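Values in this text are rule-based calculations from the coordinates and carry no lab data. Everything numeric here is computed off the predicted structure, so don't read it as measured data. No Cβ is skipped: glycine too gets one built from the backbone with ideal geometry, and neighbour counts run over all protein chains shown.
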Amino acid sequence: MKFKTIYILLLLCVLAIAPSCGSKGPGATPATVEEAEKQLAKQEKERAKAAKKEQKAAYKRYWSMQSKEAKKSIKQSKKRQKRIAKHRKKSGQGH
């Protein structure tokens, strides 16, 4: 009985490992240059999207750790800088 159990476990392990040993077929490689460029562009777009998502999460995490006073100070500073830039643009066009 013990030999049979070991044999069955060994057989199951071999069957579980066997499908992962095969190499990928030619279906993964593009046939033309245009298809390859399309595939590369798609991969780059996916990477950019993931990077943007990570950056957004980091920004959100950073601001969630800041104090209320710091947030208020930054908000007021941005508003002031925007008003100054608007005034400069307006006075610069008048000359």
Sequence neighbours fewer than 8 away in the same chain don't count; with that in mind, list the lysines whose C-alpha is under 16 Å from LYS38. none
At a Cα cut-off below 16 Å, give the aspartates and glutamates reachable from LYS78, other chains included and same-chain residues fewer than 8 away excluded. GLU69
Proximal charge balance of GLU44 [Cβ under 12 Å; K/R count +1, D/E count -1]: +3
Lysines near LYS42 by alpha-carbon distance under 24 Å, same-chain residues fewer than 8 away left out - which ones? LYS24, LYS52, LYS53, LYS56
Taking 0.36 nm per residue of separation and subtracting the Cα-Cα distance, what length does fully extending GLU37 through ILE17 add? 3.8 nm
Spin-label model distance (nm) - TYR59 vs PHE3, 7 Å beyond Cα toward Cβ: 7.0 nm
Under the 0.36 nm per residue contour assumption, what length would be gained going from the current alpha-carbon distance of LYS82 and GLU44 to full extension? 10.3 nm
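In terms of the Cα gyration tensor, with a ≥ b ≥ c the square roots of its eigenvalues, is the range 30-72 rounded because a/c is under 1.5, prolate because a/b exceeds b/c, or oblate? List each step's numbers first, then the result.
Values: a/c = 11.38, a/b = 6.56, b/c = 1.74.
It is prolate, given that a/c is not under 1.5 and a/b is the larger ratio.
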